[in-house]
Structures are given as C-alpha cells and as structure tokens.
Amino acid sequence: MIRKDLGFHIYEVEKISELDKREQRLVQLSLEMTGKAYAPYSEFFVGAAVLLENGEIITGSNQENGAYPSGLCAERVAVFAASAMFPGVPMKIIAVSAKSTRFKIDEPVSPCGACRQVLLEYEILQRQPIKVLLAKEDGKILIIEKVHDLLPLSFSGDELKMNGPR
Ligand code: THU
C-alpha cells in the first residue's frame, strides 16, 4: 500500500478591505443577493455572484420550494444562469455569502457537494480555474484558488463519454 497525499491551500483574510476592488465588489454583491433569496423554509439566505471573463457579473440566490428537493442553491442558480446567458464564456470568480435570521453564522458558507460538482464541470470545460470567495455578513473571507481543490477525486463524467459500448 502506498500513501498519497492530496493537499490544497486556502487563504483567509480578516476583512473585505484586504481583497482587491474587483473581489470586494463581488463579495458585496453576493451579500446583497442574500436579500433576494426565497428561503422561507430554512431561513438561511445565500447569495452568489459570478464574474465572467467578458466582465459581466451574474448573480443568484437560493430558491426554495415546498417540495423541498425542488429548490436550488444560490451557487447553482448563478452559474446555471451564467452558462445559459453566456455559454462558453469562462467564469473567473464566484463569491458566495450567507445570512440567517434564525442562526448565528460563525463561519463563511461553504458550497454543498452538488454545487461543487456543478462548479467543477464548468471549470474543467473552460480549462481555467474558477476562484471561490466564501463570505458571511462580516468578518473573515476564505479564498480557494480553484474548484478542483474543493472536490478532489471527483467524478468527471468522462466515463459517460467513452468511445462506444464496451
Ligand atoms: N444553500 C445554498 O444556497 N448554498 C450553500 O452553499 C449551502 C446551502 C441553501 C440551500 C437551502 O435553500 C438553504 O441554503 C439551507 O440549506
């Protein structure tokens, strides 16, 4: 047996002013988008903002539904909208923020597994990293250089595109 280490780095800044102006704006927008969430069931309000290579910024918020699994996270609302409106335009950065009226949020929000999978497919497709900024109402922000870091040993979907039947 051999041991294999799969390491990655994250960065942390204490406050938003430590980010560059472009990233500050993106985090700010994701925070504003928490106000547009439709989350009456969880009362956990998430916002996302995606910066595209063409300079466009596409935003999203979580959208819930009385039939619970039919809802969608803010990250997927944003990246699906970005890909639908600007197919093929690379995504450079996604910022995600969360607020809650019910819970105290101590840590920046972290994308769920399904969102990581979706983000990763776009990252692989565009062959360049999507930087991830994870924030909350105030305080520290986590910076992850690429989505791949959030989902090592991922299912790539390549297995579905084999050259015909076995
Ligand atoms: N949620 C997001 O929108 N993004 C995340 O990263 C975590 C969870 C949403 C889904 C659901 O509407 C609510 O937060 C509670 O899970």
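The values are calculated or read from the model by the stated rules, or taken from the named source; none is laboratory data. Since this is a predicted model, take the numbers as computed values, not measurements. Quick reminder, even Gly has a Cβ in these numbers, built from the backbone with ideal geometry, and neighbours come from all protein chains shown. In case anyone asks, the SASA skips ligands and DNA or RNA and just uses the protein heavy atoms, side chains included. Shrake-Rupley method; radii C 1.70, N 1.55, O 1.52, S 1.80 Å.
Numbers for the structure displayed
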| item | result |
| --- | --- |
| One residue from 134, 142 being open to solvent by 20 Å² or more (accessible area, probe 1.4 Å), within 13 Å of the ligand (Cβ to nearest atom) and either part of a strand (DSSP E or B) or touching a residue at least 24 places away in the same chain (Cβ under 8 Å) (or both) | 142 |
| Residues located in region 1-37, provided they are assigned to a loop (DSSP other than H, G, I, E, B) and open to solvent by 70 Å² or more (accessible area, probe 1.4 Å) | 1, 2, 3, 4, 5, 6, 7, 8, 9, 14, 15, 20 |
| Pairs with Cβ under 9 Å, 6+ apart, first in region 53-78 and hydrophobic (A, V, I, L, M, F, W, C), second more than 9 Å from the ligand (Cβ to nearest atom) and open to solvent by 70 Å² or more (accessible area, probe 1.4 Å) | 57/25; 58/85; 72/80 |
| Subset of region 38-62 that is open to solvent by 20 Å² or more (accessible area, probe 1.4 Å) and not in a strand (DSSP E or B) - its residue that is nearest to residue 84 (Cα to Cα) | 56 |
| Selection count where residues are in contact (Cβ under 8 Å) with a residue 24 or more places away in the chain and open to solvent by 50 Å² or more (accessible area, probe 1.4 Å), scope region 90-105 | 5 |
| Leading residue by the ranking (farthest from residue 122 (Cα to Cα)) among those in region 19-71 that are of a type in the set (D, E, K, R) and touching a helix residue (DSSP H, G or I) at 6+ places or on another chain (Cβ under 9 Å) | 64 |
